[in-house]
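First up is the structure itself, then whatever we jot down about it.
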Amino acid sequence: MADGAQVGQAWDSGSLRSLFDPATGLLDRRVLSDEGIYRLELERIFARGWNFMCHESQIPEPGDYFINYIGEDQVIVVRDEEGRVNVLLNTCRHRGNALCRAEQGHAKSFVCSYHGWNYALDGRLIGAPGQKTYYHDDLDRDRLGLAKAAQVDSYLGFYFATLAPDAPSLHDYLGEVGRTGIGMIAAYGDVEVVDGVQKNVIGCNWKIAVDNLFDWYHVPYSHASAQSAGFIDIAEILYPKNQMVMLGEYGHGIGGPGIPREMQDRIDAMSDEERLAYSRTLPSTAPRVRPHAATQLMGPVGVRSMGHPNIFPNLWVTMSGLQICLRLPRGPSHTELWWFTIVPKGIPPEARRAMIRQANHVFGPAGLLEQDDGENWSQSTRSARGAASRKLGHTLSMGLGRDTAAPGEGAGASYIETSINEHGQRWLYRAWTEWMAARDWAELKANHTQPPTGVV
């Protein structure tokens, strides 16, 4: 592996692609520590990709807003008077001050606290103190509205935005695997986000927090204390020999336990009432059996997945949709985690409280499992900065060349049924190198790898 001792190395297409070798599974540790790589990620991945913004239940009325990020660009997600959802950069066009400081709320307009410039909910500059006396009516308000995301769209009530005008539509970007991942959340009916997003910062690179969601190899070792404390029964959640990995275009993936086809055939023969009764016989940590309607949202392959989807680049769906988590980059060595808890609409209060309690205690700042994971991620990131250790690489070779991928139900997807593996991690880093090497969307569309079929 190349020596990365140079400071401020210029990264061209070839050098970026060399950072991960899909034929061996060897990952260059500089992807977790190099400042130049990180700055390029902000441009070529986050500014270019479709980023999760919020759920419709968080901004139901005109004037409702939610603050989020595209990379390190803070944005206001707001519903305007016409009911449209706008994604506006939270930076005044005068001196760059943040317009909105609250994380979520309701507003009639956004007024800058520095000099009082006033913006409408659709981003238009509608007022500036001293326009006549100080600016002598020379201020071009039409040109000085807030910068907007190039495209905003939603799928099943989940809003996404991209800064790239040449990006494909959200539907095409998500593809079968991305839509399956979001369908997992909506499989039981209409949902809403619980007020209060839990946030914490971990000293790790954002990608290692992402690739861990495909990693079921770590569960019996990293989370042994949770087993010892009786918090989880690893045997009830792991299913090491019944794993299913779904690979989608542009880096989307799902990895984890899968329902064998024969078992799904038996479930398909059940009514929704029978499925609910069967779910009540399962351990409390086991996912519920999904209703008939889930197959329409997730497809006949996706409905068998009980694993973890990642909507590239950084949206994790976990616990069969009870939680989603954004892994927001904060430099090459820090990641801010945002945990959203999602519950069915109209659920009885006691059941709602139980779901929130479960979410709080599994993942997030107070989650027992997250404490284990965060320590591992931070140590793995720290070792990527050492003069000697950064040259060693990460070895992601589990299952390489020993499994077979079958085509998905639609174009741009494939799936693998196997034991515990590292197919998801390899797919993530392969896609990452392609995003990083491509100078624009036209190049990425032309050169990204299609989900494989055959031996993988």
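The values are calculated or read from the model by the stated rules, or taken from the named source; none is laboratory data. As the structure is a prediction and not an experimental result, all values here were calculated from the model. Positions of Cβ are generated from backbone atoms using ideal geometry, with glycine treated the same way; all protein chains shown enter the neighbour counts. Each accessible area value is taken on the protein alone, full model and side chains, heavy atoms only, with ligands, DNA and RNA left out. Shrake-Rupley method; radii C 1.70, N 1.55, O 1.52, S 1.80 Å.
Students sometimes get this wrong: rank 304, 124 by accessible area, probe 1.4 Å, all chains present, largest first.
Working: 304 5, 124 135 Å².
Sorted descending by solvent-accessible area, the residues read 124, 304.
Ligands, DNA and RNA left out, the accessible area of the chain computed with a 1.4 Å probe is 50% carbon and sulfur.
Between residue 379 and residue 334, what length in nm is gained on full extension when 0.36 nm per residue of separation is reduced by their alpha carbon distance?
On the way: separation 45, 0.36 × 45 = 16.20 nm, distance 1.17 nm.
Extending this stretch completely gives an extra 15.0 nm.
Under 13 Å from the Cα of residue 132, which aspartates and glutamates turn up, not counting those fewer than eight places away in the same chain? List returned: 140.
Which of the DSSP-defined H helices in the chain satisfy a minimum axial length of 15 Å, computed from C-alpha atoms, and a minimum mean Kyte-Doolittle hydropathy of 0.0? It would help to have the intermediate numbers written out before the result.
Details: long enough: 170-186 (19 Å, 0.36); 349-362 (20 Å, -0.91); 368-383 (24 Å, -1.61); 423-437 (21 Å, -1.00).
Counting only whole DSSP H runs, the qualifying helices are 170-186.
Computed over the chain, the per-residue total of -39500 (n - 2.57) for DSSP H runs of n ≥ 4 gives a 222 nm mean residue ellipticity of -8000 deg cm²/dmol, rounded to 500. Here the Karplus curve 6.51 cos²θ - 1.76 cosθ + 1.60, taken at θ = phi - 60°, turns the phi angles of segment 217-224 into couplings of 5, 7, 4, x, 9, 5, 10, 4 Hz, with x standing for Gly and Pro. Estimated from the Cβ-Cβ distance and a Förster radius of 51 angstrom, the FRET efficiency linking residue 95 and residue 411 is about 0.60.
Taking 0.36 nm per residue of sequence separation and subtracting the Cα-Cα distance, how much length would be gained by fully extending the chain between residue 281 and residue 231, in nm to one decimal? Please list the in-between numbers first.
On the way: separation 50, 0.36 × 50 = 18.00 nm, distance 1.88 nm.
Here the answer is 16.1 nm.
Mind listing which trypsin sites (Lys or Arg not before Pro) in segment 409-456 are in a DSSP loop and have 14 or fewer other Cβ atoms within 10 Å?
Of the trypsin sites (Lys or Arg not before Pro), the ones in loops of segment 409-456 whose Cβ has at most 14 other Cβ atoms within 10 Å are 439.
Taking the Cβ-Cβ separation of residue 140 and residue 103 as r and a Förster radius of 45 Å, what is the calculated FRET efficiency to the nearest 0.05? Given R0 = 45 Å and the Cβ-Cβ separation, E is 0.90. For residue 297, the solvent-accessible surface computed with a 1.4 Å probe is close to 50 Å², ligands and nucleic acids excluded. Within a straight-line Cα-Cα reach of under 23 Å, residue 148 can be paired with the following lysines, leaving aside sequence neighbours fewer than 8 residues apart in one chain: 108. Count Lys and Arg as plus one, Asp and Glu as minus one, and take only other residues whose Cβ is under 11 Å from that of residue 191; the net charge is then -2. If R0 is 35 Å, the Cβ-Cβ spacing of residue 114 and residue 441 corresponds to a FRET efficiency of close to 0.50.
Count charges around residue 164 for me, please; just the other residues with Cβ under 9 Å from its Cβ, Lys/Arg as +1, Asp/Glu as -1. Value of the local net charge: -1. Identify all lysines with a Cα-Cα distance to residue 199 below 23 Å; exclude those on the same chain that are fewer than 8 residues away in sequence. Cross-link targets: 207. For residue 117, the residues whose amide H sits under 5 Å from its own are 112, ignoring neighbours fewer than 5 places away on the same chain, with H placed 1.01 Å from N. Taken along the Cα-to-beta-carbon direction at a fixed 7 Å, the label points for residue 350 and residue 35 span 5.7 nm.
In the assembled protein chains, residue 265 presents an accessible area of approximately 90 Å² (probe radius 1.4 Å).
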